[in-house]
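Data first, discussion second: the structure below is written as structure tokens.
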Amino acid sequence: MGLESRRLGAIGVEAFGLDLRREVSEADWRALRELVMQEGLVLFRDQPMEASVQIELGRRFGELENITIDEGPVDASKALLTNVDPQGRTRDRDDLKVQLLAINEGWHSDSSFRDVPASFSLFSGVTLPEEGGDTLFASQQVAWDALPPEERAMLIGLRGLHDYEQAYAIRGIDMTSVFGGAAPSATHPIARRHPETGRTGLFVSEHLFAIEGMPAEEAKVLIRRLVDLCVNPGRVYRHHWSIGDLLIWDNRSMLHRAQGFDPRHPRVMRHVRVAGSEPAIAATS
Ligand SMILES: [Fe+2]
């Protein structure tokens, strides 16, 4: 049985017929990569896997990003998003590391603050709270398709500033003092063309704080309206995690966000992120 899928909801699909923990043929691999790009989000259930397996899967999508999450740059094998300290205790709500995790509760695509943002993300649950901690997804391509032509024309050519300094600052965290240097930021097209499928989508997020050449207040209103268009409740898929779930998504088309959870309960997620191969490409029509 080869790769099959069925719709999850408004967006995304659940995949069947492929055990990612076993040898995946080149044909199945190409079909899976295509499915992720076409649908934006693919879920595999009941496939608990070791970190090494998840990392090797990520490597088949492309070179991995070295994600800075904890104490400086870390190997992808340690890419855990967790509220558990090295001694196995859950961290307090006011612990800086717990607060830093809260940035993921804003709608975003991974590594938009880099000049070359992430392409694919592979996310699995290692330890899950009974309540909360869902992950929500929305498509920036579906939102683009919903825009009237005159508004699309107005957006093409605009560039936005993705700024983590401000994303943390609005949550009361001074990133410069935490990390000892300026937070990363990058400008990208507001309307982007997917480098592999050619499909156009928005490229906005709640980590986007300015649009080049546009007055600040006007930009703020526009960004809010475009994010709201993407995350219209009728267009969102909300994933409640079970052990063994693996979600693969394409950051070049999707937004996602974490739902908060009671930090007294341990939650450990493993995140493998694939580096993009080129800067975001501006849409031309
Ligand atoms: Fe993320």
Query raised in the report: If you place +1 on the Cβ of every Lys and Arg and -1 on the Cβ of every Asp and Glu, how big does the dipole about the Cα centre of region 116-169 come out, in debye to the nearest 20?
Result: 280 debye
Query raised in the report: Can you list the residues of region 172-205 with backbone N under 14 Å from a point 7 Å past the Cα of ILE156, pointing along Cα to Cβ?
Result: 190-194, 199-202
Query raised in the report: Based on the alpha-carbon gyration tensor of region 4-273 and its eigenvalue square roots a ≥ b ≥ c, which shape applies: rounded if a/c is under 1.5, prolate if not and a/b is larger than b/c, or oblate?
Result: oblate
Report summary line: With every protein chain kept in place and a 1.4 Å probe, region 4-273 has an accessible area per residue in Å² of 45 Å²
**Report entry** Positive-end residue, region 4-273 charge dipole about Cα centroid, Cβ charges, pick of LEU147, GLY201, ALA216
**Finding:** LEU147
Report task. Could you sort 121-132, 26-37, 137-148 so that the peptide with the highest average Cβ count within 10 Å comes first and the rest follow in order? Result -> 137-148, 121-132, 26-37
Report task. Based on the mean of other Cβ atoms within 10 Å per residue, sort peptides 87-93, 108-114, 12-18 so the most packed one is first. Result -> 108-114, 12-18, 87-93
Report task. Quick one: pull the percent of accessible area on region 4-273 belonging to carbon and sulfur, 1.4 Å probe, ligands and nucleic acids left out. Result -> 49 percent
Report summary line: With 0.36 nm assigned to each residue of separation and the Cα-Cα distance removed, GLU217 to GLN87 gains 42.2 nm
Query raised in the report: Per-residue accessible area for LYS220 at 1.4 Å probe radius, Å² rounded to 10?
Result: 130 Å²
Report summary line: From the Cα centre of region 250-285 to that of region 41-61, the distance in Å is 15 Å
Query - For SER205, solvent-accessible area (1.4 Å; no DNA, RNA or ligand), Å² - result: 0 Å²
Query raised in the report: Assuming R0 = 25 Å, what is the FRET efficiency of ARG199 and GLU14, from their Cβ-Cβ distance, to the nearest 0.05?
Result: 0.70
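Taking 25 Å as R0, compute the FRET efficiency from the Cβ-Cβ separation of ARG60 and THR127 and round it to 0.05.
My answer for the efficiency is 0.45.
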Query raised in the report: So between SER25 and ALA51, what do we pick up on full extension, going 0.36 nm a residue minus the alpha carbon distance?
Result: 7.3 nm
Report summary line: Inter-part gap, Cα centre of region 188-230 to Cα centre of region 1-34, in whole angstrom, is 30 Å
Query raised in the report: Ordering GLU50, GLU56 from largest to smallest accessible area (1.4 angstrom probe), what's the sequence?
Result: GLU50, GLU56
Report summary line: The ³J(HN,Hα) series, computed from each phi in region 103-119 with the Karplus coefficients 6.51, -1.76 and 1.60 at θ = phi - 60°, rounded to the nearest Hz and given as x for glycine or proline, is 4, 6, 7, x, 5, 7, 10, 5, 6, 5, 7, 8, 4, 10, x, 5, 9
Requested in this report: Place a +1 charge on the Cβ of each Lys and Arg in the chain and a -1 charge on the Cβ of each Asp and Glu, then give the dipole magnitude about the Cα centre in debye, rounded to the nearest 20.
Outcome: 320 debye
Query - Estimated 222 nm signal from helices in the chain, with DSSP H stretches of n ≥ 4 weighted -39500 (n - 2.57), rounded to 500 - result: -7000 deg cm²/dmol
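The values are calculated or read from the model by the stated rules, or taken from the named source; none is laboratory data. Bear in mind that the values here come from a model prediction, so they are computed numbers and not experimental data. Every residue, glycine as well, gets a Cβ built from its backbone with ideal geometry; the counts of neighbours run over all protein chains shown. All accessible areas refer to the heavy atoms of the entire protein, side chains included, with ligands and DNA or RNA removed. Shrake-Rupley method; radii C 1.70, N 1.55, O 1.52, S 1.80 Å.
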